[in-house]
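Okay, handing you the structure first.
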Amino acid sequence: MARSLDIILFLLCLAVLTPTLNANPLEKNEYWEEHVPEFDSYWQERAKVAKEANQAAYFVDPYAVSGNFTATVSEIIAAKSARRSLRGNNNGTCMATNPIDRCWRCDPNWANNRQKLADCVQGFGRNTRGGKGGPFYVVTDPSDNELLDPKPGTLRHAVTRNGPLWITFARSMVITLQQELIMSSDKTIDGRGVEVYIANGAGITVQFVKNIIIHGIKIYNIKVKEGGMIRDSESHYGFRTKSDGDGISIFGASNVWIDHVSMRNCTDGLIDAIMGSTAITISNGHFTDHNEVMLFGASDDYSDDKIMQITLAFNHFGKRLVQRMPRARFGFVHVVNNDYTHWEMYAMGGSQNPTIISEGNRFIGPDNVMVGGNQLNLKEVTKREYTDESVWKNWQWRSINDEFLNGAYFIQSGPELKNRPFSKKDMITAKPGSYVGRLTRYSGNLQCRVGKPC
């Protein structure tokens, strides 16, 4: 009984949380008070099961995982014939520029072997399998009018089925979700071969589940919705309060891979991961037009987020982004080979002693701007929030082989990583940050066509 009350106790402890300027609603006590009615016995039991799955997905030695990932990237960069190693076996017709893409993109028969994608994830989400092994489900209907009894052929019907499913789309479509799309475990949303837009409505919720892949779709103009009775599985529906306007909300979930998505302009965050979520990889994404991009950990009081482990790899953080790429509390975030071409306040921030290992990224600082007759310099990549330097100087925030342009700079803290388990292949002489333009060249939604390399 005590364990089943974990969530309620968490909600109560958030009463001491101090609201922040431009705060994500998840960081406000009022948000959690509004959501208390959702945590009935059903969701408490779901939370208990998910917590056990999250613990099982946690890597005891995160430095080893990040080191292995770096070795894979370095093997490509350091290859004697780098240009050839980045291509597939298709006479140069395909250029897959990073190890995740090399796994599948140059196969002209990818559409006949879609589930191979599940073998390609790396980083902390590397054990994610999504709907692999399950049947295919083809979405034929873009409507979302029935929240309690979803119409067969719709995306909502697909994601609420029991058991693993690999979800594809019969044609290009725009799906406007009337309320948040609550996914069940062991699902892959695979938008390759067509253009799939989740737009102008609610976003996707990954709550107390595991094994989720979201690949090859565009998500934009996501709005807050008032909630109501919504189905979350074949056997259950229940009352949901107001959604927060995230593009993708990861809540107490594990083994999640988000790859080749294009996202912009959501009411809240583009991607948030909170409540002990872990074993997550976010890769090959293209993000634009947003203020608070990614929030990893919503509360300074929720120490269970120490289990959080997230890999950000090969993403392009592009035009008209302001801050939080990401903003982390607790946990371990490996930020590797991403391209930061725009920010207006800062790129990476945090509180509550998160570990942030920034490796082989390219940071292009913003131009100075005039505000009230004063020149404003916002070229610092990092921002520690609500903490004195006497405290944060011990946080493990390290920059390894990053490239800094236009005056960008990273303030490091914590001990140097002398004992990190690098392989020899990590220790190459070239600076990986200089390769970021190549590694992220195909970030975002791809224009895949059946019968051709993607």
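FYI, it's all coordinate maths here, none of it is from the lab. As the structure is a computational prediction, the values presented were derived from the model and not from experiment. Here the Cβ positions follow ideal geometry from the backbone for every residue, glycine too, while neighbour counts run over all protein chains shown.
Suppose R0 equals 41 Å. What FRET efficiency, 1/(1 + (r/R0)^6) with r the Cβ-Cβ distance, do residue 345 and residue 136 give to the nearest 0.05?
The pair residue 345/residue 136 has a calculated efficiency of 0.40.
Let me ask another. Based on the alpha-carbon gyration tensor of segment 304-343 and its eigenvalue square roots a ≥ b ≥ c, which shape applies: rounded if a/c is under 1.5, prolate if not and a/b is larger than b/c, or oblate?
oblate
Which residue, 183, 140, 164, has the largest displacement toward the positive end of the dipole of segment 108-239 when charges sit on each Cβ (Lys, Arg +1; Asp, Glu -1)?
Looking along the dipole axis, the top candidate is 164.
Here's another thing I want to ask about it. Please compute, for the alpha-carbon atoms of segment 174-232, the extent along each of the three principal axes and give them in descending order in Å.
34, 26, 13
What does the extension gain come out to for residue 409 and residue 112, with contour length at 0.36 nm per residue minus their alpha carbon separation?
Here the segment from residue 409 to residue 112 would lengthen by 102.3 nm.
Another question, if that's okay. Just in segment 129-219: which GluC sites (Glu not before Pro) are loop by DSSP and have at most 13 other Cβ atoms within 10 Å?
146
Please report the spacing between the Cα centers of segment 204-258 and segment 294-358 in Å, no decimals.
A separation of 20 Å, based on Cα centres.
Would you mind checking 319/379; 51/306; 210/319 for any pair whose Cα atoms are more than 22 angstrom apart? If you can, show how the numbers build up before the last one.
Details: 319/379 15 Å; 51/306 13 Å; 210/319 32 Å.
Where the Cα-Cα span goes over 22 Å, the pairs concerned are 210/319.
Something else: Provide the gained length on full extension for the span residue 48 to residue 61, in nm with one decimal, where the gain is 0.36 nm per separating residue minus the Cα-Cα distance.
That pair, residue 48 and residue 61, stretches by 2.3 nm at full extension.
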